[in-house]
Amino acid sequence: MTMSLQNPLLKVENLSHYYGDQIGCENINFDIYNGEVLGVVGESGSGKTTLLKLISGLLCPNAGSVAFDTRIEGLRDIYKMSEPERRLLMRTDWGIVYQNPKDGLRMNVSAGANIGERLMAIGNRNYANIRSDSSDWLEKVEMDLERMDHFPETFSGGMLQRLQIARNLITKPRLVFMDEPTSGLDVSVQARLLDLVRGLVSKLGIACVIVSHDLGVMRLLSHRLMVMKSGKVVEQGLTDQVLDDPQDPYTQLLVSSILPV
Amino acid sequence: MTASSQNKNTNGSMENPEILEGYNFAYLDDQTKRMIRRAILKAVAIPGYQVPFGSREMPLPFGWGTGGIQVTASIIGQDDILKVIDQGSDDTTNAVNIRNFFGKTAGVDTTEKTNKATVIQTRHRIPETPLSKDQILVYQVPIPEPLRWLEHRETETRKMHALAEYGVMHVGLYENIAHYGRVTTSYDYPVQVDDRYIMSPSPIPKFDNPKMDKMPALQLFGAGREKRIYAVPPFTKVKSLDFDDHPFTIESWEESCALCGSSNSFLDEVITDDEGTRMFVCSDSNFCKEQIEKLTNAPLLQNGDGS
């Protein structure tokens, strides 16, 4: 509502994907605008990750379209682009933070090389520049510069996740996809990471799609919330609205099922 | 003409061992040769691109040059003169046996002299003597995929080649500089051919990389176990990867060759006793001999050269 003057950054229309007879997700519609954080919640198996794959170019949908506002040509269906174009988009304007950092990092090269890889991929050939950019980003994700040349294997889970974030943000993407960025981390680390993500996202004006089953994470990070069940969106709206006044019976159940501490 | 010993004929090549009966010319059957030649033609047409081919089992183990030997067998003709080197040397096991193999199965002349040969099969070196446009250099390649160490999936490396997504190669170089202050890769140093494909030059020392650039001779690469053939056509640009602020450099030595005194050839370090005494000698044995002959103005007595 508030940003209706702008073109959406990502426009998803009637998106469906089926695994044989199984519904992956069905008839999904939403827009994301610059600087907006969209949360997707739902129980496991509700199609959250399928949706994320579909809209991040990793899985071709059976029906519907995903259009991204490219810098030069405006809104374009990412699955109608040629593969080189799509892959270029993925490593420049997009970032993907995986649930398991081992999927998103190169575990056999140092932290600095992991962060600098995208720069080299888009043609930066100056070692000193790559190194200084990498160390800047290491600082931005609140990591010790001494760890720059250490291998990811020696890092804790929270550090790996921060490393993954730095690696993605170094090319200043406009849209970042995060799949359960805080699962598997202990609560104090989760809180720090959430703080960090929130700070970076608002400072850099990055739009973000975050998939999580954790409503606390959503309350903290996302502006808008989408609740999924059995591959369908049952409710969407402003995060506070959805969490404080859920309309759909399933959302009501979900909200009431948070354990009180 | 420096024909050295009596068992060499006038053009400096060695006499054949007995030709074995019952084998097709150069061992491989003609259908196989045709298949390999088609692969070679494709490889030459797309410089640096790895062409898959139906590698045959050869009478030597994988890792001993099965790829190179199949390429050689497919391109060699009756009039060719073959030279085989192993790490620059003409007289190591691998070189001697492959030379004998073609002597026996093809009856072609063989030589140790770089400038006399029309086909040179090599394991891990490029001869010091510059090659001419009438020559073909055949490399034995163990691992043809330069992206393999950083990306293990073949489907993915093929895609990376197809889309020229080569950023990850510089990640390897970055790692080297970050850990050691310089690029420490000293052999099999990746190159970009004709501004397009990244190619593994086979494990030649990076000292030899500049020789590949705009080389007048045709360069063919055969990987038998990995079933790939690739090529660099004559006079093609071959650039070693580097960073702007860490340019590509080759090895250098403070010593010169202890035998011939050459100061611009690739030197091997040879330990000569248990006290750590060492000497540096040319890795290219034929080049070293020629330098000595030039210095002493007399042909050098040779031993073990096919007699």
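Quick notes on this one:
- Dividing the summed -39500 (n - 2.57) terms of all DSSP H runs of n ≥ 4 by the residue count of chain A sets its mean residue ellipticity at 222 nm at -11000 deg cm²/dmol.
- For A:K48, the aspartates and glutamates whose Cα falls under 17 Å of its own Cα, not counting residues fewer than eight places away in the same chain, are A:E13, A:E26, A:D31, A:D179, A:E180, A:D214, A:E235.
- Long-range amide H partners of B:I136 with built H, under 5 Å: B:V119, B:I120
- Gain on full extension, evaluated as 0.36 nm per residue between A:S183 and A:L59 minus their Cα-Cα distance, stands at 42.4 nm.
- HN-Hα J in Hz across segment B:183-195 - Karplus 6.51, -1.76, 1.60, θ = phi - 60°, x for Gly and Pro: 6, 9, 4, 10, 9, 6, 6, x, 10, 10, 9, 6, 6
- GNM result for chain A, Cα springs below 10 Å: residue of A:L51, A:L145, A:L175 fluctuating most strongly: A:L145
- Here each label is just a point 7 Å from Cα along the line to Cβ, and for B:E255 and A:E142 those points are 5.7 nm apart.
- The phi torsions of segment A:167-174, fed into the Karplus equation with coefficients 6.51, -1.76 and 1.60 and a -60° offset, translate into couplings of 4, 7, 7, 5, 8, 6, x, 9 Hz, rounded to whole numbers, with Gly and Pro shown as x.
- Violating pairs (Cα-Cα greater than 23 angstrom) within the set A:K53/A:K172; A:K203/A:K232; A:K11/A:K53; B:K83/B:K239; B:K33/B:K214: A:K203/A:K232; B:K83/B:K239; B:K33/B:K214
- Centroid-to-centroid separation of segment A:100-144 and segment B:261-291 [C-alpha atoms, Å]: 42 Å
- Residue-averaged 222 nm ellipticity for chain B, from DSSP H runs of 4+ at -39500 (n - 2.57), nearest 500: -8000 deg cm²/dmol
- Here the 3J(HN,Hα) profile of segment B:177-182, calculated from phi with Karplus coefficients 6.51, -1.76 and 1.60 at θ = phi - 60°, is 5, 4, 8, 10, x, 7 Hz, Gly and Pro shown as x.
- Long-range amide H partners of A:G237 with built H, under 5 Å: A:L225
- Put simply, the amide H of A:M178, placed in the peptide plane, has neighbours under 5 Å in A:V97, A:V209, A:I210, A:V211, leaving out anything fewer than 5 places away on its chain.
- 12 Å cut-off, amide nitrogen to a point 7 angstrom out along A:E85 Cα→Cβ, residues in segment B:151-194: none
- Rounded to 5, percent antiparallel among DSSP beta bridges of chain B: 60 percent
- Computed about its Cα centre, the charge dipole of segment A:111-172 is approximately 300 debye, with only Lys, Arg, Asp and Glu carrying charge at their Cβ.
- When the listed pairs B:K104/B:K237; B:K133/B:K289; B:K104/B:K211; A:K80/A:K140 are checked against a 30 Å cut-off, the alpha-carbon distance exceeds it for B:K104/B:K237; B:K104/B:K211; A:K80/A:K140.
- Each of B:S200, A:S132, A:S256 was scored by other Cβ atoms within 10 Å of its Cβ. Arranged with the fewest first, they read A:S256, A:S132, B:S200.
Rule-based calculations on the coordinates, nothing more; no lab input. Since the structure is predicted, the reported quantities are computational estimates derived from the model, not experimental observations. All Cβ positions, glycine included, derive from the backbone under ideal geometry; neighbour counts span all protein chains shown.
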